[in-house]
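Enquirer: I have a structure here, written as C-alpha cells, and I will follow up with some questions on it.
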Amino acid sequence: MNFWLMKSEPDEFSIEDLAKAARQTTSWFGVRNYTARNFMRDAMRVGDGVLFYHSSCPEPGIAGLAEVASKPYVDKTQFERKSPYYDPKSKKEDPRWFNVDVRALRKTRLLPLEELRNDRKLEAMVTLRPGNRLSITPVAEAEWKHIQKLL
C-alpha cells in the first residue's frame, strides 16, 4: 500500500465537494505535470491512502482522508478542444494524461501547512521541500501514521 498527498483548490473542488459527490468519489482529472502523471499512472493502486490537501487558499493544509478508488485510465479532457485541459499534442492512440478516481473517507480537522512545517517528524516530507509545487506527492508510511495521530 502506498500513501499520497493530493492537492486541490477548495474553491474549485474541496473535501466537502468530494463528500457530496455520488458514491463520495470523483475523477482526479486535469493533471498536466509529468511527474504527478507518472505517480497516478505507474504507482497508484486501488486502496492507497490519500491526504486530501486544500491549496491556494487563505489557510492551506490537510482537510480530509481519501483513498484511490480506481486503476488509472485515460483523461478524456486532453482530447476536448473546449476543455482548459485540452492537449493538442496528445493522441488517442498514445494518450499523455491519465486519471484515477478518489473516494472520500472522512473530513478531518484542518491540519495547516504551518503546523506540518513545524513538526520535526515531517521535515523530510516531499510536499514540504522548498520549491515543491507538485499537486501529487508520495507520503512515507511513517509520515502517514504520524499525520493520522495529528488529525
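The values are calculated or read from the model by the stated rules, or taken from the named source; none is laboratory data. Since this is a predicted model, take the numbers as computed values, not measurements. Heads up, the Cβs are rebuilt from the backbone with ideal geometry, glycines too, and the neighbour counts pull from every protein chain shown. Note: areas computed on protein heavy atoms with side chains; ligands, DNA, RNA excluded. Shrake-Rupley method; radii C 1.70, N 1.55, O 1.52, S 1.80 Å.
Enquirer: Given the criteria within 18 Å of the chain's Cα centre (by Cα), crowded, with 17+ Cβ neighbours inside 10 Å and in a strand (DSSP E or B), does residue 109 qualify?
Expert: Considered against the rule, which asks whether it is within 18 Å of the chain's Cα centre (by Cα), crowded, with 17+ Cβ neighbours inside 10 Å and in a strand (DSSP E or B), residue 109 comes out as no.
Enquirer: OK, next. Which residues, counting only those in segment 90-104, are part of a strand (DSSP E or B) and either among the acidic types (Asp, Glu) or surrounded by fewer than 17 Cβ atoms within 10 Å (Cβ to Cβ) (or both)?
Expert: Those that are part of a strand (DSSP E or B) and either among the acidic types (Asp, Glu) or surrounded by fewer than 17 Cβ atoms within 10 Å (Cβ to Cβ) (or both): 91, 94, 101.
Enquirer: Only one of these conditions is not met by residue 82: (1) outside any loop (DSSP other than H, G, I, E, B); (2) open to solvent by 100 Å² or more (accessible area, probe 1.4 Å); (3) basic (Lys, Arg). Which number is it?
Expert: Going through (1) outside any loop (DSSP other than H, G, I, E, B); (2) open to solvent by 100 Å² or more (accessible area, probe 1.4 Å); (3) basic (Lys, Arg) one by one, residue 82 breaks only (1).
Enquirer: What residue, of 127, 35, is assigned to a helix (DSSP H, G or I), open to solvent by less than 60 Å² (accessible area, probe 1.4 Å), in contact (Cβ under 8 Å) with a residue 60 or more places away in the chain and of a type in the set (Ser, Thr, Tyr)?
Expert: 127
Enquirer: Here is a follow-up. Of everything in segment 38-54 that's open to solvent by 20 Å² or more (accessible area, probe 1.4 Å) and in a loop (DSSP other than H, G, I, E, B), which residue is nearest to residue 90 (Cα to Cα)?
Expert: Here the answer is 45.
Enquirer: Okay, next question. Here are the criteria: (1) touching a helix residue (DSSP H, G or I) at 6+ places or on another chain (Cβ under 8 Å); (2) without any contact (Cβ under 8 Å) to a residue 24 or more places away in the chain; (3) closer than 26 Å to residue 21 by Cβ. Tell me which single one residue 117 does not satisfy.
Expert: For residue 117, the exception is condition (3).
Enquirer: Looking only at segment 11-32, count how many residues are open to solvent by 40 Å² or more (accessible area, probe 1.4 Å) and either in contact (Cβ under 8 Å) with a residue 12 or more places away in the chain or of a type outside the set (Asp, Glu) (or both).
Expert: The total comes to 10.
Enquirer: Suppose we keep only residues that are assigned to a loop (DSSP other than H, G, I, E, B) and modelled with pLDDT of 95 or more within segment 13-30. Which one would you say is farthest from residue 57 (Cα to Cα)?
Expert: This residue is 21.
Enquirer: Right, another one. Would you tally the residues in segment 133-147 being more than 14 Å from the chain's Cα centre (by Cα) and free of Cβ contacts under 8 Å to residues at least 40 places away in the same chain?
Expert: Residues that pass the stated criteria total 3.
Enquirer: Hey, can you tell me all the residues within segment 130-151 that are more than 24 Å from residue 38 (Cβ to Cβ) and either open to solvent by 80 Å² or more (accessible area, probe 1.4 Å) or part of a strand (DSSP E or B) (or both)?
Expert: Residues satisfying the conditions are 145, 149.
Enquirer: Would you confirm, using the coordinates I've provided, whether residue 69 is among the small types (Gly, Ala, Ser), in contact with a strand residue (DSSP E or B) (Cβ under 8 Å, 6 or more places away or on another chain) and surrounded by 19 or more Cβ atoms within 10 Å (Cβ to Cβ)?
Expert: yes
Enquirer: Hey, can you tell me all the residues within segment 14-33 that are aromatic (Phe, Trp, Tyr) and either closer than 18 Å to residue 127 by Cβ or in contact with a Cys (Cβ under 9 Å, 6 or more places away or on another chain) (or both)?
Expert: 28
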